Amino acid sequence: MIQVVAAGLLLGVMAYALFAGADFGAGFWDLTAGRAGGRQRRLIDASLAPVWEANHTWLIYCLVVFWTAFPAAFAAVTSTLYIPLGLAALGIVLRGSGFAFREVIPDGDRPPLVEAGFATSSVVTPFFLGAAGGGIASGRVPARGYGDPMSSWLNGTSLLVGCLAVAVCAYLAGVFLTVDARRTDDRMSERWFRRRAYAAAWVAGAVSVAGLLVTRVDAPHLFHGLLGRALPLVALSVLAGLGTLVLLRRQAAPLRVIRLLAGGAVACLVLGWGVAQYPYLLGDHATVTTAAAPTASLAMLVAVFCAAVVLVVPSLLLLYVLQQRGRLEDA
Amino acid sequence: MAEATIAGVQTLVHLAAGGQDPAQLLPAREQMAFTLGFHIILVPFGVAFTFLMLVANYRGIRHHDTEALLLAERWSKAAAVLFAVGAVSGTVLTFEMGLLWPGLMGRYGAAYGLPFGVEGIFFFLEAIFVAIYLYGWRRLRPWAHFWSGVPVPLAGLGGTASVVAANAWMNLPGGMTVRGGRVVGVTPWRVFFNGAFWYEMVHMFLAAYAVAGFVVAGVYATGMLKGRRGRYHRVGFLIAFVTAAVVMPVQIFVGDVAARQVFHKEPAKFAAIEMLPRTSTHVPETIGGVLVDGHVRYGLEVPNADSLLAGFRPSTRIQGLDAVPAAVRPAPRLVNIVHWSFEVMVFTGFALLALAAWFAVAWWRRRDLPRSRWFLRATAVSGAVAVVSLETGWVVTEVGRQPWTVRGFLLTRDAVTLSGNVWLFFAGALLIYVAVGTGAVLVLRQMRRRWAASPEDPVPVPYGPLEDVPQRRSAVP
C-alpha cells in the first residue's frame, strides 16, 4: 500500500514540476523580455491564462498526500526547511495574484510593481522549492525535525537543485512557447523563444552535470542511486532533452512530439530522483515504510487517487484540449 | 475517550511543571488568524457567487434575457479574479499547516490530513471548470456552456464540506486510535463525519451564500443609489438579494440548532460563549458584559433565557467555566472575545434577517423593492455586515476551542513550531496580503470602469482566453 502512495506522491511532484514548471518558466521569460517584448508577453499570457490554476493545484495535492501519508516526516521537513518553504509560500501569493491582476490590465498600463512582483516571484519560488528539495535529497532533514535552519538549504546540493529548478522551468517554458508561437504562425516570437529554449537547455544540462559532481561528495546515497538504479531514467532524460533540441530546429517536426519529449525529459529527471532515493523518504534515512501513516489513511489516499483519475484527469484533458485548439466545437 | 484523558493528564503534569509558552505561539496564532480571516472572505465567491452566476446564465438563456446573460459573463470574470486570489491564499494556508503547526501535522496528520485529501479533488475540479466556463463564452453552445459551469458550485459545496470536516474534527476529534502520542489506527469515515461536522458544515455553507448574495446585492444597490436604475441593475440586484434573503431565515434556524449542539457536545465552548463562570440552572442570557476575576460585570441579564434556549426549560443545567479543569480553562480575555464575537454574529445575523423581511413584505404587497432609499443604503452595507458575521462566527469556533488545537488531545502550545522568528514571517505575510487585497479591489474597480465606459470591452481575466472571439483569429483554421 505504502509503495502505491509513495508512487502517487512522486507522480504528483512530477506533475507539479511539469505544469507549474512551464508556468514559472513563462514568468522567467516575461522578466527577461523587457519593455520591448510586448509580443512575447502577449503570447505568454495567452498560453498561461486558462491552465494556470490547474497547474498549481498539483502543489496542494503533493502537500496533502505528504502530510497524510507521512505525517512525522512532513513535520520534520517543515520544521527544518521553514525558511525556503516560507519564502516559496509568499512567492506563490505574489505570483498568483500578480498573474490574476495583470491579466485584467492591458499590457503597457501595468504598474511596474505588479510586473516586478509577477516576474521576480516566478524565479524565486522555484528556486526555493528546489533548494528545499535539495535539502531533503541530501539527507539534511533529521527524522525528528528541527534540523539546522540555515545549512539545510544553504549547501551545495540545495543551491544546485534550486538553480536546476529555475533552468528546467525556463527550458520547459521556452520549448512550449516556441511551439505555441509556431502554432499561431508568429515567426518572430518563435525564433525568440527557440533561442532561449536552447540556452536554457544548455544551462540545465551544465547544472545537472555539476550537480552530479556535487552530490558525489555531498549526498553519496543520491549519487549512487542516480548512476545505479535510476540510470535508465537519467539516460532517457538526457536523450529526450537532446531530441527536443534537434526537433525544435525542424519546421516540419510534429508539435505534439516536441512537447512530449520536452516534458519527458523533465518527468524522467524527477522520477529518477525518486527512484534513486527509494526506499528512503528523507534522503538517506527514514524509509517510506517506517514513516508511513496507519493503513486506513493510506487506503483512503489510494481511494482519493482513484477518484482523481476518474474525475480530474478527464476534466483536465478537456481543459488542455480546449486551450490548445482554442475551442471545443463549433460555436 | 481514555486516550483523551491520558493526554489531558500529561498536559496537566506539563503545566504543573511550570512550562512557559513557546515564543512562537503568539505570532503563529496571529498569523493563522489573519491569513484564515483573509481567505474566508474569498471563499463565498468561489462557493456561492458562481451559483448566482449560473442563475443569471440560466435566466439569460431560458428567457432570452440579454441583461442576465451579460451579468453572468461579467460575474464570471469577477469571480475569476477573486478565485485566483482565494486559490493562492489557500495555498499559503496549506504551507502554514506545516510551517506554523508541525506539532499538529506530525502527530495527527494521518487523521486530520484526510479531509484535505478529499478537498484536493474538489479544488481541482473547481479550478478546471472555472477555466472551462470562462473559456466557453461564445465557444460553446449556450446550454453546453451553462452545464460546463454547473460543476463549479457543486465542487464548492464538496470543498466546503471537506475543509469544515477538518475543522470540526479539531473540535470533536473522532475516528482515530492514539497510542503513546501516535495515531495507530484511523477510521476515515468517522474522521470526516465527526460529531461537529453537520452543524458546522451547513452553517458555513449557508453563510457563504449569505455573504456572496449580500455583497453582490450591495454593489447594485450602490449603483441604484447613484441613479443607475436600469433593468441591468435591477436583475443583478434581485438575483443576489433574493438568494441571500431566502438563506437568512434558514441560517438563523441552523445557527440555533448548532448552538444547542455546542451546548451538548462542546460544553467548555458553550460556557465561554455564554460567559458563564459557574455551573447552574435558571441561567440568564447575558447580553454584553465582561468577565473580570471570575465575575460577569456590566452585562444585561435576561432571566432564565439561556436555560430556556439550551434546553427549553428554566431548570436546564448549564456547565460553567468552573467545570473546566483549571489548567485548560480559557483565560478571561479569551472568554470575553468568544462571548462578544458570538453576540456580534447573532446581532448582525438578525439585522440581515430584518433586511430580508423588509424586502419580503414589499415584494409580497406590490411585487417591487421597498421604495425607501434607506433600504438601498442598508443593502449597500449589508455585504460588509455579512462579512463581519462570518468572521465573528469563525472567531467563536476557533478561539472558543482554546487552549486546545485538537480538543482533549493536543494543546495549541504543543502544536506550534519551536524554531525561527515567526514575527518576520508574519510581517512578510501581512505586507503581501495587504498588497494583494488592495490589488484585488483596484482591479475589480478597473473592470467596472471599463465596462461602464464601453459595454463591449472584453476585459481578459485569469483562466479566460485573451482573445474574446476566436473566429476573428485568421491563423486558426
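The values are calculated or read from the model by the stated rules, or taken from the named source; none is laboratory data. Everything numeric here is computed off the predicted structure, so don't read it as measured data. Positions of Cβ are backbone-derived with ideal geometry, glycine not excepted, and every protein chain shown enters the neighbour counts. SASA here: full protein model, heavy atoms, side chains in, ligands and nucleic acids out. Shrake-Rupley method; radii C 1.70, N 1.55, O 1.52, S 1.80 Å.
Check segment A:33-51 and report whether any residue there is in a helix (DSSP H, G or I), modelled with pLDDT of 85 or more and either open to solvent by 10 Å² or more (accessible area, probe 1.4 Å) or not hydroxyl-bearing (Ser, Thr, Tyr) (or both). No, segment A:33-51 contains no residue that is in a helix (DSSP H, G or I), modelled with pLDDT of 85 or more and either open to solvent by 10 Å² or more (accessible area, probe 1.4 Å) or not hydroxyl-bearing (Ser, Thr, Tyr) (or both).
Set side by side, the residues B:Val235, B:Val215, B:Val164 differ, and just one is in a helix (DSSP H, G or I) and without any contact (Cβ under 8 Å) to a residue 60 or more places away in the chain, which is B:Val164.
Listed here are the residues, each with its yes/no results for (1) in a loop (DSSP other than H, G, I, E, B); (2) open to solvent by less than 20 Å² (accessible area, probe 1.4 Å).
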| residue | (1), (2) |
| --- | --- |
| B:Leu355 | no, yes |
| B:Ala380 | no, no |
| B:Gly383 | no, yes |
| B:Val387 | no, no |
| B:Gly393 | no, yes |
| B:Thr405 | no, yes |
| B:Leu418 | yes, no |
| B:Trp423 | no, no |
| B:Leu431 | no, no |
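What are the residues in segment A:72-126 that are under 26 Å from B:Asp414 (Cβ atoms) and aromatic (Phe, Trp, Tyr), if any? Scanning segment A:72-126 gives A:Phe74, A:Tyr82. Is at least one residue of segment B:144-160 assigned to a loop (DSSP other than H, G, I, E, B) and either within 14 Å of chain A (Cβ to nearest Cβ) or free of Cβ contacts under 8 Å to residues at least 60 places away in the same chain (or both)? The answer is yes; a qualifying residue exists.
Filtering A:Ala293, A:Ala267, A:Ala240, A:Ala235 for residues that are in contact with a Phe, Trp or Tyr (Cβ under 8 Å, 6 or more places away or on another chain) and either within 14 Å of another protein chain (Cβ to nearest Cβ) or outside any loop (DSSP other than H, G, I, E, B) (or both) leaves a single hit, A:Ala293. Regarding segment B:132-139, can at least one residue be identified that is open to solvent by 10 Å² or more (accessible area, probe 1.4 Å), free of Cβ contacts under 8 Å to residues at least 60 places away in the same chain and facing chain A (nearest Cβ under 9 Å)? The answer is no; no qualifying residue exists. If you go through segment A:141-159 and keep only what is surrounded by fewer than 24 Cβ atoms within 10 Å (Cβ to Cβ) and not hydroxyl-bearing (Ser, Thr, Tyr), you end up with A:Pro142, A:Ala143, A:Arg144, A:Gly145, A:Gly147, A:Asp148, A:Pro149, A:Met150, A:Leu154, A:Asn155, A:Gly156, A:Leu159. In the set (1) open to solvent by less than 50 Å² (accessible area, probe 1.4 Å); (2) over 29 Å from the mean Cα position of the chain (by Cα), B:Thr286 fails one condition alone, (2). If you check B:Ala87 against the conditions, is it open to solvent by 60 Å² or more (accessible area, probe 1.4 Å), closer than 30 Å to B:Ser419 by Cα and of a type in the set (Gly, Ala, Ser)? For B:Ala87, the condition - open to solvent by 60 Å² or more (accessible area, probe 1.4 Å), closer than 30 Å to B:Ser419 by Cα and of a type in the set (Gly, Ala, Ser) - is not met.
The test for being touching a residue at least 40 places away in the same chain (Cβ under 8 Å) and within 14 Å of chain B (Cβ to nearest Cβ) holds for A:Gly145. Any residue at all in segment B:64-78 that's part of a helix (DSSP H, G or I) and more than 30 Å from B:Arg234 (Cβ to Cβ)? For segment B:64-78, residues part of a helix (DSSP H, G or I) and more than 30 Å from B:Arg234 (Cβ to Cβ): absent.
Counting only residues that are polar (S, T, N, Q) and modelled with pLDDT of 90 or more, segment B:67-93 holds 1 of them. One residue stands out in segment A:99-124 among those that are open to solvent by less than 10 Å² (accessible area, probe 1.4 Å) and either within 8 Å of chain B (Cβ to nearest Cβ) or among the hydroxyl-bearing types (Ser, Thr, Tyr) (or both): the one that is nearest to B:Val459 (Cα to Cα), namely A:Val104. I'd like to check something: does segment A:268-280 contain any residue that is hydrophobic (A, V, I, L, M, F, W, C) and within 21 Å of A:Arg196 (Cβ to Cβ)? Looking through segment A:268-280, at least one residue is hydrophobic (A, V, I, L, M, F, W, C) and within 21 Å of A:Arg196 (Cβ to Cβ). Within segment B:328-343, one or more residues are exposed (fewer than 14 other Cβ atoms within 10 Å of the Cβ) and over 30 Å from B:Arg234 (Cα atoms). Taken over segment B:167-189, the criterion of being in contact (Cβ under 8 Å) with a residue 60 or more places away in the chain, at the interface with chain A (Cβ under 10 Å from one of its Cβ atoms) and assigned to a helix (DSSP H, G or I) is satisfied by B:Pro188 alone.
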